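Trainee: This is the structure, below, for whatever I ask next.
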Amino acid sequence: MENLVKSPVNINYRGVEKFIDTPKFTSVINEALNSYETLISKNGEGADFLGWLDLPSKINSDEIACYQSIADEWRDRVDCVVVVGIGGSYLGAKASLNALLHSFGCKKNGANWPEILFAGHNMSEEYMAELLDYLQDRTFAIIVISKSGTTTEPAVAFRILKQYFESRFGKELSKERIVAITDSSRGALKEVADREGYRKFVIPDDVGGRFSVLTPVGLLPLAVAGIDVKLLIEGAVAMKNECYKKSSVNPAIVYSALRNYLYRSGKTTEIFVSYTPKLQYFAEWWKQLFGESEGKNGKGVFPASVGFTTDLHSMGQYIQDGLRNIFETTLKVNSSLREVLIPYDKSDADGLNFISGKRVEECNHNAHLGTLLAHIDGGVPNISIEIDTLNEYSLGALFYFFEFSCGVSAYTLGVNPFDQPGVEDYKKNMFALLGKPGYEDLADEISRRNS
Ligand code: PA5
């Protein structure tokens, strides 16, 4: 088996080799190559939702200039921007900001970009009350995002924030400070935005929520936070070129084939591992992408995540020694962008002088290697997805890599990656319980079940 070089995202599967029977794996690679054909020729299930495939190469400088002009306009005028959305209308931006901004809020070169806050991604009353506390003595703008325009969590949050905004700054200013991102022709959010005269951006019809990070859904919140979205797109374009290569060493095809091979051999849980807290929300984005795309018809790899070394002190025991139905996919960042050395200490009370003068990164790297060996010995196959450094470019490449892999993987699994019928069930029950008109029969049925 050949490992890959030269791509913004590489795959290394030495940690899986001992779990693989090569002829059987070759046959799964061939299945993945067929799924790749289905995906790029757009003739599989859900083909109406493949707009994301070509998206990175279609984004032009005028579109970027629109995001930039809002960013420049708000930069010195607002303290915060509240991004309202849930699921695919929230996780891409959250993952990117977590990965790219300073962990403790220090601004790059003293730049005065607004702080980005999130709302509408939960239904917690305390969260909302505390957000309003926080906004009390701050100026703010709102980006409200919902493709359907009818999702309850963001709709509730937006109703509250809209009224609060108007009570503080007046309706007129909302035309400048509220931007809606939604469907081109349908939905309650579009109606409100048209009525109130908000600026609007469209989520293309053929791009589903969890594949929408490279549309205004991800790009506008990132631009207003001062992120170079052009670089993010360049990374995605470079990865698109790699993913489109029809080859048994294409990293997306190899990853998709490995997941399906391991799943069929009883490894039904995939744990996404990272060694930096900066990837915590990228893991959440990845879980939604694979969970909603593959978990259907009684099938699908269960996507879980851990952050090491933190979780070696909580989940490490289970991964090493618990039920053997797991494999790990580690997102390895080859070099840290910052350098911190471990100092020499005269007393050496902690016995750590043997690592004095070394970088913290070297310890992290060796923790990674040590863990990898232990987990392989413990019966956990390990796929390693690798990037050089964590920056706008590699993040754009990673988004595209996992989206493409997800399409190939789900087709290989035999499911339509682009629908989410199961998400609707809880909503119907919730509407019935809350007394929404039209849900009376279901409300009666639920009250009979509960009596
Ligand atoms: O991937 C998806 O389609 C979902 O996770 C949606 O993004 C999520 O349910 C939010 O939907 P909407 O943008 O319509 O409010």
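Trainee: With the structure loaded, tell me whether residue 219 is closer than 20 Å to residue 56 by Cβ and of a type outside the set (S, T, N, Q) or whether it fails that test.
Mentor: Working: closer than 20 Å to residue 56 by Cβ: yes; of a type outside the set (S, T, N, Q): yes.
Taking the combined requirement at face value, the residue satisfies it.
Trainee: Mind checking which pairs have a first residue in region 116-136 that is assigned by TED's automatic domain parsing to the domain that holds residue 224 and a second that is acidic (Asp, Glu), Cβ under 6 Å, 6 or more apart or different chains?
Mentor: 120/153; 123/153
Trainee: Sticking with this one: What is the number of the single condition among (1) part of a helix (DSSP H, G or I); (2) within 16 Å of the ligand (Cβ to nearest atom); (3) within 18 Å of residue 253 (Cα to Cα) that residue 430 does not meet?
Mentor: (3)
Trainee: All but one of (1) open to solvent by 70 Å² or more (accessible area, probe 1.4 Å); (2) at pLDDT 95 or above hold for residue 337, so report the exception by its number.
Mentor: All conditions are met except number (2).
Trainee: Tell me whether region 47-55 contains one or more residues that are over 25 Å from the mean Cα position of the chain (by Cα) and charged (D, E, K, R).
Mentor: First, pick out the residues of region 47-55 that are over 25 Å from the mean Cα position of the chain (by Cα): none.
Checked against the condition, which is being over 25 Å from the mean Cα position of the chain (by Cα) and charged (D, E, K, R), region 47-55 yields no hits at all.
Trainee: When only residues in region 148-171 that are open to solvent by 40 Å² or more (accessible area, probe 1.4 Å) and within 13 Å of the ligand (Cβ to nearest atom) count, which is farthest from residue 193 (Cα to Cα)?
Mentor: 156
Trainee: What about residue 80, is it more than 21 Å from the chain's Cα centre (by Cα), open to solvent by less than 30 Å² (accessible area, probe 1.4 Å) and away from the ligand (no atom under 16 Å from the Cβ)?
Mentor: On the way: more than 21 Å from the chain's Cα centre (by Cα): yes; open to solvent by less than 30 Å² (accessible area, probe 1.4 Å): yes; away from the ligand (no atom under 16 Å from the Cβ): yes.
Yes: the conditions hold for residue 80.
Trainee: Can you find a residue that is more than 17 Å from the chain's Cα centre (by Cα), of a type in the set (Ser, Thr, Tyr) and crowded, with 18+ Cβ neighbours inside 10 Å anywhere in region 367-382? Let's see the steps before the verdict.
Mentor: As a first pass, look at region 367-382 and keep what is more than 17 Å from the chain's Cα centre (by Cα): 367-382.
This time we only want the ones that are of a type in the set (Ser, Thr, Tyr), so: 371.
Add one more test, that the residue is crowded, with 18+ Cβ neighbours inside 10 Å, and what stays is 371.
Checked against the condition, which is being more than 17 Å from the chain's Cα centre (by Cα), of a type in the set (Ser, Thr, Tyr) and crowded, with 18+ Cβ neighbours inside 10 Å, region 367-382 yields at least one hit.
Trainee: Now for a different question. Would you confirm, using the coordinates I've provided, whether residue 95 is within 16 Å of the ligand (Cβ to nearest atom) and either open to solvent by less than 10 Å² (accessible area, probe 1.4 Å) or touching a residue at least 12 places away in the same chain (Cβ under 8 Å) (or both)? Show your work before the answer.
Mentor: Details: within 16 Å of the ligand (Cβ to nearest atom): yes; either open to solvent by less than 10 Å² (accessible area, probe 1.4 Å) or touching a residue at least 12 places away in the same chain (Cβ under 8 Å) (or both): yes.
Spelling it out, residue 95 is indeed within 16 Å of the ligand (Cβ to nearest atom) and either open to solvent by less than 10 Å² (accessible area, probe 1.4 Å) or touching a residue at least 12 places away in the same chain (Cβ under 8 Å) (or both).
Trainee: Here is a list: 370, 435, 379. Which entry is without any contact (Cβ under 8 Å) to a residue 12 or more places away in the chain and at positive phi? Please lay out each step first, then the result.
Mentor: Numbers: 370 fails: at positive phi; 379 fails: without any contact (Cβ under 8 Å) to a residue 12 or more places away in the chain.
Within the list 370, 435, 379, the selection yields 435.
Trainee: Within region 11-49, track down each residue that is open to solvent by less than 30 Å² (accessible area, probe 1.4 Å) and not hydrophobic (A, V, I, L, M, F, W, C).
Mentor: Those that are open to solvent by less than 30 Å² (accessible area, probe 1.4 Å) and not hydrophobic (A, V, I, L, M, F, W, C): 12, 13, 15, 35, 36, 44, 46.
Trainee: Considering (1) within 23 Å of residue 219 (Cα to Cα); (2) open to solvent by less than 30 Å² (accessible area, probe 1.4 Å), say which one residue 60 fails and leave the rest.
Mentor: (2)
Trainee: Next question, about the same structure. Which fully enclosed strands (runs of 3 or more DSSP E) of region 1-120 have 1 or more residues being of a type outside the set (A, V, I, L, M, F, W, C), over 30 Å from residue 369 (Cα atoms) and touching a Cys at 6+ places or on another chain (Cβ under 8 Å)? Write out each step before concluding.
Mentor: Details: elements: 10-12, 80-84, 115-119.
Ranges flagged: 115-119.
Trainee: Considering only residues that are of a type in the set (A, V, I, L, M), within 16 Å of the ligand (Cβ to nearest atom) and open to solvent by 20 Å² or more (accessible area, probe 1.4 Å), which ones fall in region 172-220?
Mentor: If we filter region 172-220 for residues that are of a type in the set (A, V, I, L, M), which is where we start, we get 173, 178-181, 188-189, 192-193, 202-203, 207, 213-214, 217, 219-220.
Within this subset, residues satisfying the condition of being within 16 Å of the ligand (Cβ to nearest atom) are 179-181, 188-189, 192-193, 202-203, 207, 213-214, 217, 219-220.
Result: 188, 192, 202.
The values are calculated or read from the model by the stated rules, or taken from the named source; none is laboratory data. Computed from a predicted model, the values in this text were never measured in an experiment. Don't worry about glycine lacking a Cβ; one is built from the backbone with ideal geometry, like all the others, and counts go over all protein chains shown. Accessible surface areas use protein heavy atoms only, side chains included; no ligands, DNA or RNA. Shrake-Rupley method; radii C 1.70, N 1.55, O 1.52, S 1.80 Å.
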